[in-house]
């Protein structure tokens, strides 16, 4: 992956390995994080939003039937874990 600056200008590099050109990519998934060549979080956020919607729906669906403690447990195991994955501080952003 070749990173670009804020202007979006890209230097045309032809990188080869064993005489084969390595393809240029704009995004890659590494340890569950989607990294873009612009170092923007847009693609990663677009990827986790459906997961967060699903977690929210599940919590909202079981809300009438469970105690507050059980809801907190579901929240921490489902929603909070998605939000805090790979966060340096371990807290939701």
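The C-beta contact set for region 51-75 (first residue at pLDDT 90 or above, second residue outside any helix (DSSP H, G or I), distance under 8 angstrom, 6+ apart or interchain) comprises 74/66. Within region 1-31, the set of residues being surrounded by fewer than 11 Cβ atoms within 10 Å (Cβ to Cβ) and closer than 22 Å to residue 84 by Cβ comprises 30, 31. For region 5-35, give me each residue that is within 15 Å of the chain's Cα centre (by Cα) and either in the same structural domain as residue 84 (by TED's automatic domain parsing) or assigned to a strand (DSSP E or B) (or both). Hits for region 5-35 are 27, 28, 29, 30, 33, 34, 35. Does residue 80 fit the bill of being within 21 Å of the chain's Cα centre (by Cα), at pLDDT below 90 and exposed (fewer than 12 other Cβ atoms within 10 Å of the Cβ)? No: the conditions fail for residue 80. The residues on offer are 61, 43, 38, and the sole one that is assigned to a helix (DSSP H, G or I) and closer than 16 Å to residue 3 by Cβ is 43. Suppose the filter is part of a strand (DSSP E or B), touching a residue at least 12 places away in the same chain (Cβ under 8 Å) and at negative phi; does residue 82 pass it? Answer is no for this residue.
The values are calculated or read from the model by the stated rules, or taken from the named source; none is laboratory data. Predicted model only: the values in this text are computed from it and were never measured. Glycine gets a Cβ as well: all are built from the backbone with ideal geometry, and neighbour counts include every protein chain shown.
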